[in-house]
1. Specify the residue that is farthest from the other protein chains (Cβ to nearest Cβ); the eligible residues are those in region B:249-282 that are assigned to a helix (DSSP H, G or I) and under 22 Å from B:His189 (Cβ atoms).
2. Determine the pairs where a residue that is away from chain A (no Cβ under 14 Å) and touching a residue at least 24 places away in the same chain (Cβ under 8 Å), located within region B:202-216, has a partner that is assigned to a loop (DSSP other than H, G, I, E, B) and of a type in the set (S, T, N, Q) with Cβ atoms under 7 Å apart, the partner being 6 or more residues away or on another chain.
3. Quick check: is even one residue across region A:54-70 buried (at least 24 other Cβ atoms within 10 Å of the Cβ) and of a type outside the set (A, V, I, L, M, F, W, C)?
4. Any residue at all in region B:280-301 that is closer than 26 Å to A:Ala91 by Cα and not aromatic (Phe, Trp, Tyr)?
5. Working only within region A:128-168, note down all residues that are at the interface with chain B (Cβ under 7 Å from one of its Cβ atoms) and surrounded by fewer than 20 Cβ atoms within 10 Å (Cβ to Cβ).
6. What number goes with the only condition from (1) under 14 Å from the mean Cα position of the chain (by Cα); (2) of a type outside the set (Asp, Glu); (3) at pLDDT below 90; (4) in a strand (DSSP E or B) that B:Thr224 does not pass?
7. Filter region A:101-120 down to the residues that are touching a helix residue (DSSP H, G or I) at 6+ places or on another chain (Cβ under 9 Å) and either at pLDDT 80 or above or within 12 Å of another protein chain (Cβ to nearest Cβ) (or both) and list them by number.
8. Please count how many residues of region A:125-176 are modelled with pLDDT of 90 or more and assigned to a loop (DSSP other than H, G, I, E, B).
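The values are calculated or read from the model by the stated rules, or taken from the named source; none is laboratory data. This structure is a prediction, so every number in the text was calculated from the model and none was measured. Every residue, glycine as well, gets a Cβ built from its backbone with ideal geometry; the counts of neighbours run over all protein chains shown.
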Amino acid sequence: LNDSLPLDRQNVRGRSDADRFDDSALVRAARAGDRAAFGQLYDRYGRMVQGILLARVPLGEVDDLVQDVFLRALPRLHTLRELDRFGGWLATIARNCACDYHRNSVPEVELNADLAEKADRQLVAGRAPDPEAASILAVIRSLPEAYCETLLLRLVEGMTGPEIAARTGLTPGSVRVNLHRGMQLLRGKLVLTGSVTHENATTPDSLGKPNTLGEK
Amino acid sequence: MSDDYLWDGSGKPDPEVEKLESVLGRLRLERPAPVFPAAEAMGAHSTRFSVRWLRPGMVAAFAVVLIAAGLGLLWRWQTDVASGWDVTSVTGVPRVGKQSVGSEGGRLGLGQALETDGNSSAEIRIEEIGKIQVDPDTRLRVLSSPSGGSRLALERGTIHARIWALPGIFVVDTPSARAVDLGCAYTLHVDDSGDGLIRTTMGWVGFKLGDREAFIPAGAACVTRAKNGPRTPYFEDAPEGLRTALTKMDLPTSTEDERNTALRTLLAESRPRDALTLWHLLSRVEEPKRGAVFDRLASLVPPPTGVTREGILRLDRGMLDRWWDALDLGNIWLWRHWERSWSEHEQGQK
């Protein structure tokens, strides 16, 4: 498989990011019943699924839901028509799984942001005493969904921008914009909460300010 | 400061990004891949079949299983046709055909219509698909059974759909457009004239009549006109001036001057978020006006690499699709995938 090549050799051969992250052969093998191949897909896409879920469900639920997503995907692999779209397809299943989680677990009561943050703090504390991570996670979750998801994939999962684009099916341009604007917003919010001070910090209002006609 | 480090870890490290990576990286789960069941056991098609299984006893057993499975499928098909979807009354007494639906619930069969009057409302639930709340004064007909594609026709009234099936599975026809669920939840209304309104609350929905398409993400709405299809979607928090201008542009009674004025207002008032509206306008305005829409949209959301002004002005679908993806409102591939599957499905039925 191409991904088994060292990264520097792949670049020397001039392959695009999309080619480097093409897992069609693995998907084909998994679809034919190869469990090891599906395990490899889990290794490659598990972080993406976790990041997507982390943006939407309590931290303590993420671990199990990651596996649920893959268990949902496995019997449906034969419905995937374009094998190179596996990442985008899996990302949709993960988002739907998060929807289902909320539908099934809190049908009547909306979990407000304060409660969610408190719950996350407790859950993080249960795994490893880390209130700092819980606080920052809560701030990221308050950002618009597209920024939140992309930032979590970058900052929690350690994925690079090109990798996020290739894995999720988003365009590199939009991932870069999400990272840039999301980080600006995050800096602004962290300054407000006293977590950091930064000259590049901005506020949601200044980002959303409309341009005038013809302005580039 | 350059964002190269944020982008791909190259360039001069950004100390704040490094700190965030360090703190948040502790949340990363490192659980190894579990042992998954074999795909065959989960229902995928296996190509591994050996003649050693073809012993006489096995053949007989296999035949019995096949016959049982065939009978089961036949029974399921008959059950689908006969009993269909589960319906429960929420208020009042909804009707399925001439039958009243009481508190104990009822079934909505293929071809049948669920009708609520001014005092009744109902709920339809399909375990694998989702839940549909049916408001008063609504008429909803089943066009295919739950096992056959989940297609309904909303003839009038209002439904609230919350769908957890995969995108593209749940489809609602209206007199003015076909609504295709591409995400989670939406409200669809059709008035007596056949005009409609869709409001998406989660995920996104595709709206289509002929070649005219509209994509409505969460927080957005779109009007449809009977026999003319979807108009231009807009975010419900869009500036009042933009929404008024959009209505003016869509009105068949507006003069050319009024439309031009409305377009100038709309372009001037649009925010980055209103790229949704501008992207749709590209294929809705006449060619001479398309350049102004392109310029405004490009100033708000730069076109991705390879998407050119010339290509957009001639409505190159590939370029339009790539620009849509750059808006991050939904992956266009899901829609194209559904379109292709649906087209094949409809051709197969002819």
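1. First pass over region B:249-282, keeping only residues assigned to a helix (DSSP H, G or I): B:249-250, B:256-269, B:272-282.
Filter once more, so that each one left must be under 22 Å from B:His189 (Cβ atoms): B:249-250, B:276-277, B:280.
Numbers: B:Met249: 16, B:Asp250: 21, B:Leu276: 13, B:Thr277: 13, B:His280: 18 Å.
The selected residue is B:Asp250.
2. B:Leu209/B:Ser176
3. For region A:54-70, residues buried (at least 24 other Cβ atoms within 10 Å of the Cβ) and of a type outside the set (A, V, I, L, M, F, W, C): absent.
4. Applying the first criterion (closer than 26 Å to A:Ala91 by Cα) to region B:280-301 yields B:280, B:301.
Still in the list and also not aromatic (Phe, Trp, Tyr): B:280, B:301.
So far as region B:280-301 goes, yes, one or more of its residues are closer than 26 Å to A:Ala91 by Cα and not aromatic (Phe, Trp, Tyr).
5. A:Ala128, A:Asp130, A:Glu132, A:Ala146, A:Gly158, A:Thr160, A:Pro162, listed by residue number.
6. Status for B:Thr224: all satisfied but (1).
7. Answer for region A:101-120, where residues must be touching a helix residue (DSSP H, G or I) at 6+ places or on another chain (Cβ under 9 Å) and either at pLDDT 80 or above or within 12 Å of another protein chain (Cβ to nearest Cβ) (or both): A:Tyr101, A:Asp120.
8. Result for region A:125-176: 5.
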